[in-house]
Structure formats: C-alpha cells, structure tokens
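Encoded as structure tokens, the structure appears first; notes follow it.
The values are calculated or read from the model by the stated rules, or taken from the named source; none is laboratory data. Predicted model only: the values in this text are computed from it and were never measured. All Cβ positions, glycine included, derive from the backbone under ideal geometry; neighbour counts span all protein chains shown.
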Amino acid sequence: MIRRNALILLLAAAVLPLWGNSADLEKYEKALLASPDDLRTGNDYRQAVIKAKEYDRCIAFFEKLTAANPDASNAFLNFGFAYVDKIPDAGSITQVILANTALAHFTKSIEIQPSWIALYTRGNSYLYWPKIFGRAHLGVADLEKAMEMQRKDSVKSYHIRSYISLGDGYWKMDDIEKARAIWQEGAKHFPSDAQLKARLSREGDELKEYIDDVLDPNKRVNTDLHELWEAR
C-alpha cells in the first residue's frame, strides 16, 4: 500500500506541472492579446513555453498576434525569438528554416522600430551561420548600429553583449585585430566579465575552438531578456 501511494504521488507530481504550465501559458496569452507590444510579458511567455516545450503553440500564437497587430515591433521580436527557442530541438535542415524565419521577423521588428535590442538580436543571429554563408558582415553592420546607440547612452549591464558579439563578428570576418580592439574596449567597461577574458586570453586554434563552441547552433541560446529591465 505504501509503495502504491508513493507511485500515485510520483505520477501526480509529473502531471501537475503540465497542468500548471498550460494555465500559465493561457495567462500570458490573454495578457498579450490585451497588450501585444509588451516586450516583458512576451519574454516571460516564451520562457514558460521553453519549460513546457510548447514551441508550436507559441509560434502559432505570435503568428496570429502579429497579423492582428502589424505595427507591434516587440511582438515581431518575440515572434522571431519563438523560432530561435525551437532550434535546439529541431533537425539540422529544420534548424536552417527556423533560423531564416527568425531573421525575417527580427527584420520586420527593425523596420517598425530600430531599437537597440532588435538590432543586437538580428546582428547576433547572423553570427550563428557558418562562414560559408557569408553572413558575418551583415551581423557586424547591425551590431555597429547597436554599438553606436549604446555609446550615446549611460553604460548598462546588457551592453556587454554588443562588445562580445561585435568582436565575434569581426573574428568571423578574419579581422582579428579589430575583434580584439572591440573586446578590449568592452573590458574597460566590464573588467570582470568572464566571456571577454576568455576571448582575450586565447589565440589561434584555441580561440577558434572557443568561439565555435559558443556559436554552436545545436546549443540553446539564452533568449531571456530580463536583463533589459533589471539593468543597472
């Protein structure tokens, strides 16, 4: 009897989170229908989706949301992220399709409102493509625009992302000198950052191995944007 009760409790523990996840997703969806351009709610919705692995539900929701709200730049940004979130769980061919679709939605977001986060996001996304596709220069162009915007602003904790990614972009374009200059500039603002230290302490094949590992499309990209509103 004790073993049976224990088994029932284990099964309940496995099922209850699924019910909770479904309720959470519905809560976020209702909030987004009321405020489609709410970047934070859209972000929190996607993080709940990742936990529930309800990627297709999320994509379908944002497809309808953006169709009904074609001027909601943040909705398109989260729509693109929804595709990025699905990439690690997809096959290699599907990954390419998902990545291309994500870029299209990031582009739409930029066309509506060229914000720092939208430019950084599209620029960084280009860097995950293998060199053979020749997209690194497109990423660098976006990241330079994001960098120009942040240099006019007070330093925020999330600005470290641009220094890392822009340097990586120049590295992928084989401009090692420029890459190091960007990382060194970032290190002046963020001297304790481990990612910058890792890049600046490596050269040649060791640096290549490190960056290739960071930009591995099979690894989940952290698309949680909470740092934007928690930044100091």
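Computed quantities for the displayed model
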{"item": "Flag if N124 is loosely packed, with under 12 Cβ neighbours inside 10 Å, closer than 17 Å to V84 by Cβ and either outside the structural domain of L39 (by TED's automatic domain parsing) or in contact with a helix residue (DSSP H, G or I) (Cβ under 8 Å, 6 or more places away or on another chain) (or both)", "result": "no"}
{"item": "Of all residues making up segment 131-167, the number that are assigned to a loop (DSSP other than H, G, I, E, B) and hydroxyl-bearing (S, T, Y)", "result": "1"}
{"item": "Selected residue [modelled with pLDDT under 95 and surrounded by 12 or more Cβ atoms within 10 Å (Cβ to Cβ)] from V140, V221, V214", "result": "V221"}
{"item": "Some residue of segment 143-152 being of a type in the set (A, V, I, L, M), surrounded by 12 or more Cβ atoms within 10 Å (Cβ to Cβ) and within 17 Å of the chain's Cα centre (by Cα)", "result": "yes"}
{"item": "Every residue from segment 36-77 that is in contact (Cβ under 8 Å) with a residue 12 or more places away in the chain and part of a loop (DSSP other than H, G, I, E, B)", "result": "P36, D37, D38, K53, E54, N69, D71, A72"}
{"item": "Condition broken by Y170, with the remaining ones in (1) part of a helix (DSSP H, G or I); (2) at pLDDT 95 or above; (3) surrounded by fewer than 19 Cβ atoms within 10 Å (Cβ to Cβ) satisfied", "result": "(3)"}
